[in-house]
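The values are calculated or read from the model by the stated rules, or taken from the named source; none is laboratory data. Keep in mind the model is a prediction, meaning the values are calculated, not measured. Quick reminder, even Gly has a Cβ in these numbers, built from the backbone with ideal geometry, and neighbours come from all protein chains shown.
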Amino acid sequence: MEFAKAGAGVAVCGIRENIERVKAEIEAMGKETIAVRIDVSRWEDAQRMAKEVVDRFGRIDILVNNAGVAIQKNDGSRVGVLEITEADWDRALSINLKGCFHCSKAVIPFMIGQRSGRIVNLGSMTAITGDVSSAPYVASKAGIMALTKALARELGQYNIHVNCVSPGMVLTRMNRLVSEASIQAARSGASLKRIAEPFDVARLILHLASDDFFVTGQTVLIDGGKTLC
């Protein structure tokens, strides 16, 4: 929604049906948009996504790698390492890390052809602190931060900027099961004494994707000052 307000044509890509609802909301704003159903863990889906976007808009200027899952208990708490199954591990790494790689690889040829592009990946504060989330999630987000550096180093010669945004707790659907006590603890532990809303993260991503932002290969924490490093 923030990108649409800024004047971008938006491709809403995801595996859930709610992408159609978001598409309708953007269309109601009078902005150009499409919805593409995609499983980011599948290379074929990523290739199809890139083709559909280029067919509609003629180019790809910005990619936001925002797909992600967390391995949680029913109350939203951490799953201990001895409880994590191989399937849990594979699911988290396939969607969070491999999905980021797939979508980046699918759009990079178009960005190279344009000699410009912006890729913003979603990491996590937990990749730095190791706390809160389960091991597969933490490992996948640390991998995304490292992948960001590798892509930035390789693609800078084509004027492609690659950065990572790493939030702390954000009040999204993923955290719907988190206890009120955990939310209060996150709020009190932040220097700004509040928890991020989705628009806080969206505005930072929009800033990193702008043409006048001379930064690449960096991870920017957005957790209200909880992690100071």
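Checking ILE60, ILE26, ILE108, ILE38 one by one, the residue that is over 21 Å from ASP211 (Cα atoms), under 19 Å from the mean Cα position of the chain (by Cα) and either surrounded by 17 or more Cβ atoms within 10 Å (Cβ to Cβ) or small (Gly, Ala, Ser) (or both) is ILE38 and no other.
So that you can scan it fast, the table gives a plain yes or no per residue for (1) out of contact with any Pro (no Cβ under 7 Å at 6 or more places or on another chain); (2) at pLDDT 90 or above; (3) surrounded by fewer than 18 Cβ atoms within 10 Å (Cβ to Cβ):
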site: ARG153; (1), (2), (3): yes, yes, yes
site: GLY156; (1), (2), (3): yes, yes, yes
site: HIS161; (1), (2), (3): yes, yes, no
site: ASN175; (1), (2), (3): yes, no, yes
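Can you confirm whether PHE3 is outside any loop (DSSP other than H, G, I, E, B), touching a residue at least 12 places away in the same chain (Cβ under 8 Å) and not assigned by TED's automatic domain parsing to the domain that holds ASN121? Here the answer is yes, as PHE3 does meet what is asked.
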